[in-house]
1. Work from the charge dipole of the chain (Cβ charges, +1 for Lys and Arg, -1 for Asp and Glu, about the Cα centre) and give the residue of THR212, PRO92, PRO180 farthest towards its positive end.
2. Of the accessible area of the chain, with the probe set at 1.4 angstrom, what percent is carbon plus sulfur?
3. Given axes a ≥ b ≥ c from the Cα gyration tensor, I'd like to know whether segment 177-235 is rounded (a/c under 1.5), prolate (a/b larger than b/c) or oblate.
4. Please list the radius of gyration and Dmax for the chain, considering alpha-carbon atoms only, with Å as the unit.
5. Which FRET efficiency value, to the nearest 0.05, is calculated for ALA115 and ALA165 with the Förster distance at 30 angstrom and r the Cβ-Cβ distance?
6. When the Kirkwood radius is taken over all Cα pairs of segment 3-103, what Stokes-Einstein diffusion coefficient follows at 20 °C and 1.002 mPa s, in µm²/s?
7. Based on the Kirkwood radius over alpha-carbon pairs, what value in µm²/s does the Stokes-Einstein equation return for the translational diffusion coefficient of segment 71-117 at 25 °C and 0.890 mPa s?
8. Compute the angle between helix 163-172 and the longest alpha-carbon principal axis of the chain, please, reported from 0 to 90 degrees and rounded to the nearest 10.
Amino acid sequence: MVGLGPGGSEFLTFRAKAALEEAQVIIGYKTYLGFIEDLLTGKQVISSGMRKEIERAGLAVQYARQGQTVAVVSSGDPGVYGMAGLILELVPESVEVEVIPGVTAATSAAAVLGAPLMHDFAVISLSDILTPWETIAQRLHAAAQADFIIVLYNPKSKGRDTQIARARDIIRSHRQDDTPVGIVRNAKRRGEYRVLTTLGNMLDEDIDMLSTVIIGNSQTRIENGHMVTPRGYRL
Ligand code: SAH
């Protein structure tokens, strides 16, 4: 399982690159394979659409059992809402597995905004395809109440566009309207776009599936255009 990082090839780790070079078969969602096009020559490449995770994982296991070296690619880190867990649930003991970490969206988006994750933070996916909304809502309440910085993955998609407003309203019930919020689309890859806003105004911005939203804690500030959560040093 290979984490590709946010997308730009300069954010691929050396180990991830080597694993892709070693692989005979490379399997992944087609958008992610586009990030590593130059590494695909001479390989058997299996690309599939979103939501075909089980099919993809099954194929990976099948090729590995036949003795092939298989790389299953995920964007960011394969163990963060990626393919790693599913593969480990399916793979037989006879197949050797390596999970290769990657720079996850939380930290690549944070880097684009400044340093918003300098203190305790919670990562919450707003996708209720595999998780009931009640669970997500409960976690949003708990994280907001405990003053965690909150990183939202999968904030919105075409068929799923109400969760972000509901999430915002839950967080707002525990936090001030002027709390800084950063939205990053396509962090550290082509098309990068960032906006700094507030909890009160964040819904006026464009938010989609390619975006990560970071909501500050009670201490987070904007310093010279950077979103910063103080670590607590006395200056
Ligand atoms: N395994 C991935 C996350 C997959 S879930 C990782 O570790 O990063 C998909 C979500 O990740 C997207 O909806 C978006 O919220 C976020 N994401 C992934 N790459 C991103 C990028 N380059 N910029 C902003 N958000 C990104």
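1. PRO180
2. Working: 6090 of 12440 Å².
That share works out to 49 percent.
3. oblate
4. For the chain, the Cα radius of gyration and maximum Cα-Cα distance read 18.9, 60 Å.
5. Details: r = 28 Å, r/R0 = 0.92.
For R0 = 30 Å, the calculated efficiency reads 0.60.
6. On the way: Rh = 13.3 Å.
Translational diffusion coefficient: 161 µm²/s.
7. Numbers: Rh = 12.0 Å.
Rounded to a whole number, D works out at 204 µm²/s.
8. 40 degrees
The values are calculated or read from the model by the stated rules, or taken from the named source; none is laboratory data. Just so it is clear, the structure is predicted and the values come from calculations on it, not from any experiment. Cβ atoms come from the backbone with ideal geometry, glycine included; neighbour counts cover every protein chain shown. The protein model used for the area step is the full one, side chains on, heavy atoms only, and it has no ligands, DNA or RNA in it. Shrake-Rupley method; radii C 1.70, N 1.55, O 1.52, S 1.80 Å.
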